[in-house]
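The structure under discussion appears below in the form of structure tokens.
The values are calculated or read from the model by the stated rules, or taken from the named source; none is laboratory data. Predicted model, so just to flag it, every value in this text is computed and none were measured. Methodologically, a virtual Cβ is constructed for each residue, glycine included, from the backbone with ideal geometry; neighbour enumeration extends over all protein chains shown. Accessible surface is based on the protein model in full, side chains and every heavy atom, while ligands, DNA and RNA are left aside. Shrake-Rupley method; radii C 1.70, N 1.55, O 1.52, S 1.80 Å.
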Amino acid sequence: MKKFNGSCHCGSVKFSFEEEDITSGMRCTCSYCERRGSALSKFTLSKDDLNIKAEDDAMGMYQFDTKIAKHFFCHSCGIHPFLETVRAPGQFRVNLGCLDGIDVDKLEIVLFDGKNLL
Ligand SMILES: [Zn+2]
């Protein structure tokens, strides 16, 4: 296991977790992710495994449709470091572009059919 550190753009929201080497990611096709355009982790992390350090009131949260998934974003810079998934509430996927030392363009990216998930 390796330790990964991540943050939003301005640094108000920081997070860390342990995971195997990250060699791939996914792009979700749902109406929100399509607009957002970031590559997400294929693995998920429980709330206990995702160590979040955010300044008070730094984070906003957006929900739509079934209001199960929780899309978190930084109030200052607008970057969305992680989300809580639809299929496994309580489990988080992280925005791979937020991670230190990870070059998203070098990862194998698969499509996730979020558009037809519900
Ligand atoms: Zn920020």
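Residues that are within 14 Å of the ligand (Cβ to nearest atom), of a type outside the set (Phe, Trp, Tyr) and farther than 21 Å from LYS3 by Cα occur in segment 49-56; there is at least one. Residues that are open to solvent by 10 Å² or more (accessible area, probe 1.4 Å) and within 13 Å of the chain's Cα centre (by Cα) were ranked within segment 5-15; the one that is farthest from ASP48 (Cα to Cα) is SER7.
On the given criteria, is SER46 more than 16 Å from the ligand (Cβ to nearest atom), in contact with a helix residue (DSSP H, G or I) (Cβ under 7 Å, 6 or more places away or on another chain), under 27 Å from LYS106 (Cα atoms) and of a type in the set (Gly, Ala, Ser)? No.
Against the numbered list (1) closer than 15 Å to ILE79 by Cα; (2) more than 14 Å from the chain's Cα centre (by Cα); (3) modelled with pLDDT of 95 or more, THR23 comes up short only at (1).
What number goes with the only condition from (1) part of a loop (DSSP other than H, G, I, E, B); (2) touching a residue at least 40 places away in the same chain (Cβ under 8 Å) that GLY6 does not pass? With respect to (1) part of a loop (DSSP other than H, G, I, E, B); (2) touching a residue at least 40 places away in the same chain (Cβ under 8 Å), GLY6 is out only on (1).
When you scan segment 20-30, do you find a residue that is of a type in the set (Asp, Glu), more than 16 Å from the ligand (Cβ to nearest atom), closer than 13 Å to ARG93 by Cα and touching a Lys or Arg at 6+ places or on another chain (Cβ under 7 Å), even just one? No, segment 20-30 contains no residue that is of a type in the set (Asp, Glu), more than 16 Å from the ligand (Cβ to nearest atom), closer than 13 Å to ARG93 by Cα and touching a Lys or Arg at 6+ places or on another chain (Cβ under 7 Å).
Each residue in segment 32-45 was checked for being surrounded by 12 or more Cβ atoms within 10 Å (Cβ to Cβ) and not in a loop (DSSP other than H, G, I, E, B), and 6 of them qualify.
Among what's in segment 65-78 and is open to solvent by 50 Å² or more (accessible area, probe 1.4 Å) and under 17 Å from CYS33 (Cβ atoms), pick the residue that is farthest from the ligand (Cβ to nearest atom). Taking the candidates together, the pick is THR66. Out of curiosity, is VAL110 under 20 Å from GLY11 (Cα atoms), aliphatic (A, V, I, L, M) and away from the ligand (no atom under 16 Å from the Cβ)? So VAL110 fails the test.
Consider segment 46-57 and keep the residues that are in contact with a strand residue (DSSP E or B) (Cβ under 8 Å, 6 or more places away or on another chain) and surrounded by fewer than 19 Cβ atoms within 10 Å (Cβ to Cβ). The one that is farthest from GLY114 (Cα to Cα) is GLU55. Within segment 70-104, can you find the residues that are closer than 16 Å to GLY6 by Cβ and aliphatic (A, V, I, L, M)? Across segment 70-104, the qualifying residues are ILE79, LEU83, VAL94, LEU96, LEU99, ILE102, VAL104.
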